[in-house]
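Each remark here refers to the structure printed beneath this line.
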């Protein structure tokens, strides 16, 4: 078979004919009505007591300010509007400093921390961000300023605003002594699932694991810096957590969320080596996972399954796991393939060549027929929308699934989703799954 | 400092306004923007996105193309998408970075039009103005390019100008508005632009009068007047103002003179009620309340491009500080619920959700101003 040499100028392809890592050529972009993934506002709101301030033009501001409003967090959000005159007269730096200071002074209570977001315009105008932060720190010496960005114009060839935020969230940690037998799990929007074996094993071995979701004060948040080991499980958080660990002299482990037994074993080997704890009984865990998946398979049968890339950072790894356990996966919706998934991609090309990949942002997807003649089980909100199905697992960004526990939990959710219709129209347009929503 | 906002959101901006105005007309709208504009628009500013098909996309502009002034990818992507999806027209809108770069949108439009043979135009935008400007300019472009030249006037017929979900919420409110007009013997030829397609709108020159029901419709009204001599009336038939609107329509049809349907007395000292929001709808509501209760009110306009609708006593307030100052003595306020935090604590507040301000936050509580038994009528009867 001839191998593709470039991304395809169409919205779908068989995986056997797909180009890695971009199956679909960039074009105009469509945005589906599924909005459950978190954005930088949701992520930033996880820092307790912190206040967010954005400095940008009206059109860019609208999305973030209403994100805060929809999650009933308007009181933790302020903004400074840039206008044409600022661009033409070179006053963006001054407006940023004065506007931010003014917004802080207007707050009923001075926050311990401010996440200040500058934007593409600051970058293109060559604004002196050092000056901006220096002057603000001089004016407000008791406030910790987080240097954050909303500059998506750079995201195709560099870090995304999301990755930069996760780094900024650690940049603010002050140098401090490390506490023994303490671990901070950082860089993810979702707490590690209670069913995940990582939690129990760390606890059984006398380690105290903490996450941002455990913090209720800003002081609690800063205490995450005192752990001797920083763990990152979520790909978008890896860069920031690793940089933070390096700067503070902490040990660091990246244990990516995944579905392959071999990779889970490798993750556990890293944990065992780093912490000197006994290896896990992988055979037993894998047997439990096989049983759980078999039970789910017996229920779901040959019902076609569609997965999307917002469901989990490893949609192809998940497709592979399910196909290895005899599920019928017909479509994976994604726009690019992570380098972490190359092995799974190659495996699927060889072993499931008729699996269809479909883009989510290609413009043709606006008019892709959504009516289904048969029942489809969707894993993810975008898959649920494109497949027009009420049977879906409502999860984004992998939730807190990790390791064997994650697979066991997923199998349960799939069974539940197969039987229980959800109100797709009501659920998936809501922003930031798991956050408050007034919609 | 008027640019900083502690608690208020900002109104829908011009780029989303373009998309909203053109959503149902069968064209393709492309926002030249890296990422956020599309999500902002379809999440917060477009209630039709889930259920109705419309070709609205972003270009996905990235750093290198912006710096190097490479427009070819933008042009290529639009041409190839248009060839696949066959839109009736192509409209371009600009986010801040292409504006900063001085992108030649008129030249690009011409090139795309030559390549596709599809009418292509730029709606002047830069992501820094209110939706009233963007949506108003978009409808004006439709007048310039699509409304048929040779027409015969039809008596007692009207076009509704400035109807988008940003001000009108759901289609039910538009249908109630139409019912009000048809009940009084007026034929509604077209609605700009909810519920009617481009072919219907192209026949707008046949109307004897245009009814501007939001500030978004003003520019189109002026152009239709220039092009066909059609007079326009500014006002929305809400409650007891309905009769005045019909009389104004009759007068305009007879005399050919454009006019405003509301004439509300103003007395700053006696104003116990304050309204904030879109000017035509709010001033129409204000007139209804005056007629019913003799309650004198004042109107605060927070939007650009509405000067023609404003009268003596109306206050133009931009930014949170000015708005908060204007509201400091308010006793009773009718406004979007997100205004409540800047109103005096002891002021009574009547919530009137406005999509262009709070997006979908209060979509379950939209009030149909043209429904005879609407909540607003019940409260102010």
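The values are calculated or read from the model by the stated rules, or taken from the named source; none is laboratory data. Keep in mind that this is a model prediction, so the values were computed, not measured. Cβ coordinates were reconstructed from backbone atoms using ideal geometry, including for glycine residues, and neighbour counts include every protein chain displayed.
Before moving on, here are some points about what is shown:
- Filter result for residue A:80 (crowded, with 22+ Cβ neighbours inside 10 Å, within 11 Å of chain B (Cβ to nearest Cβ) and modelled with pLDDT of 95 or more): yes
- Among the residues of region A:53-87, those that are farther than 24 Å from residue B:17 by Cα and in a helix (DSSP H, G or I) comprise A:75, A:76.
- Sole exception among (1) surrounded by fewer than 21 Cβ atoms within 10 Å (Cβ to Cβ); (2) within 18 Å of the chain's Cα centre (by Cα); (3) more than 14 Å from every other protein chain (Cβ to nearest Cβ); (4) over 30 Å from residue B:79 (Cα atoms) for residue A:338, by number: (4)
- Residue check, residue B:92 within 13 Å of chain A (Cβ to nearest Cβ), in contact with a strand residue (DSSP E or B) (Cβ under 6 Å, 6 or more places away or on another chain) and under 27 Å from residue B:165 (Cβ atoms): yes
- Restricting region B:80-89 to residues that are touching a strand residue (DSSP E or B) at 6+ places or on another chain (Cβ under 8 Å) and part of a helix (DSSP H, G or I), the residue that is farthest from the other protein chains (Cβ to nearest Cβ): B:82
- Unmet requirement for residue B:270, which otherwise passes all of (1) touching a helix residue (DSSP H, G or I) at 6+ places or on another chain (Cβ under 8 Å); (2) more than 30 Å from residue B:152 (Cβ to Cβ): (1)
- Unmet requirement for residue A:171, which otherwise passes all of (1) more than 15 Å from residue A:239 (Cβ to Cβ); (2) more than 14 Å from chain B (Cβ to nearest Cβ): (1)
- The number of residues in region B:179-199 that are free of Cβ contacts under 8 Å to residues at least 40 places away in the same chain and surrounded by 18 or more Cβ atoms within 10 Å (Cβ to Cβ) comes to 4.
- Looking across region A:214-229, the residues that are assigned to a helix (DSSP H, G or I) and out of contact with any strand residue (DSSP E or B) (no Cβ under 9 Å at 6 or more places or on another chain) come down to A:214, A:219.
- When each of B:71, B:106 is tested for being touching a residue at least 12 places away in the same chain (Cβ under 8 Å), more than 11 Å from chain A (Cβ to nearest Cβ) and over 23 Å from residue A:151 (Cβ atoms), the lone residue that passes is B:106.
- Going through (1) surrounded by 21 or more Cβ atoms within 10 Å (Cβ to Cβ); (2) away from chain A (no Cβ under 14 Å) one by one, residue B:303 falls short only on (2).
- Looking across region A:341-376, the residues that are more than 25 Å from the chain's Cα centre (by Cα), in contact (Cβ under 8 Å) with a residue 12 or more places away in the chain and within 14 Å of chain B (Cβ to nearest Cβ) come down to A:364, A:368, A:370, A:371.
- Residues that are surrounded by fewer than 18 Cβ atoms within 10 Å (Cβ to Cβ), in contact (Cβ under 8 Å) with a residue 24 or more places away in the chain and closer than 26 Å to residue B:371 by Cβ, drawn from region B:221-258: B:240
- Restricting attention to region A:247-264, the residues being surrounded by fewer than 18 Cβ atoms within 10 Å (Cβ to Cβ) and either in a strand (DSSP E or B) or touching a strand residue (DSSP E or B) at 6+ places or on another chain (Cβ under 7 Å) (or both) number 1.
- Residues of region A:13-45 that turn out to be more than 13 Å from every other protein chain (Cβ to nearest Cβ) and touching a strand residue (DSSP E or B) at 6+ places or on another chain (Cβ under 8 Å), as a count: 9
- Condition broken by residue B:134, with the remaining ones in (1) within 14 Å of chain A (Cβ to nearest Cβ); (2) over 12 Å from residue B:22 (Cα atoms); (3) assigned to a helix (DSSP H, G or I) satisfied: (2)
- Residue match in region B:315-331 (condition: surrounded by fewer than 23 Cβ atoms within 10 Å (Cβ to Cβ), in a loop (DSSP other than H, G, I, E, B) and within 14 Å of chain A (Cβ to nearest Cβ)): yes
- Residue ID - farthest from residue B:204 (Cα to Cα), chosen from residues in region B:17-44 that are facing chain A (nearest Cβ under 7 Å) and in a helix (DSSP H, G or I): B:36
- The set of residues in region A:322-360 being in contact with a strand residue (DSSP E or B) (Cβ under 8 Å, 6 or more places away or on another chain) and assigned to a helix (DSSP H, G or I) consists of A:322, A:323.
- Residue match in region B:147-160 (condition: without any contact (Cβ under 8 Å) to a residue 60 or more places away in the chain, assigned to a helix (DSSP H, G or I), under 15 Å from residue B:213 (Cα atoms) and away from chain A (no Cβ under 14 Å)): no
- Those residues of region A:315-333 which are surrounded by 24 or more Cβ atoms within 10 Å (Cβ to Cβ) and in contact with a helix residue (DSSP H, G or I) (Cβ under 6 Å, 6 or more places away or on another chain), in sequence order: A:316, A:317, A:332, A:333
- Test: residue in region A:58-69 that is more than 9 Å from chain B (Cβ to nearest Cβ) and either within 21 Å of residue A:143 (Cβ to Cβ) or in contact with a helix residue (DSSP H, G or I) (Cβ under 8 Å, 6 or more places away or on another chain) (or both): no
- Any hit, region A:93-114, residues being buried (at least 23 other Cβ atoms within 10 Å of the Cβ), under 24 Å from the mean Cα position of the chain (by Cα) and part of a helix (DSSP H, G or I): no
- For region B:46-63, a residue qualifies if it is over 20 Å from residue B:82 (Cα atoms), within 7 Å of chain A (Cβ to nearest Cβ) and either in a helix (DSSP H, G or I) or in contact (Cβ under 8 Å) with a residue 12 or more places away in the chain (or both), and the qualifying residues are B:62, B:63.
- Here is the figure for region A:101-139: residues that are under 16 Å from residue A:52 (Cα atoms) and within 14 Å of chain B (Cβ to nearest Cβ) total 17.
- Residue in region B:90-102 that is touching a residue at least 12 places away in the same chain (Cβ under 8 Å), part of a loop (DSSP other than H, G, I, E, B) and surrounded by fewer than 18 Cβ atoms within 10 Å (Cβ to Cβ) present: no
- Elements of the type helices (runs of 4 or more DSSP H) sitting completely within region A:377-439 and holding at least 1 residues that are in contact (Cβ under 8 Å) with a residue 12 or more places away in the chain and closer than 14 Å to residue A:33 by Cβ: these cover A:381-387, A:424-427.
- Residues (within 14 Å of chain A (Cβ to nearest Cβ) and under 28 Å from residue B:130 (Cα atoms)) located in region B:109-119: B:112
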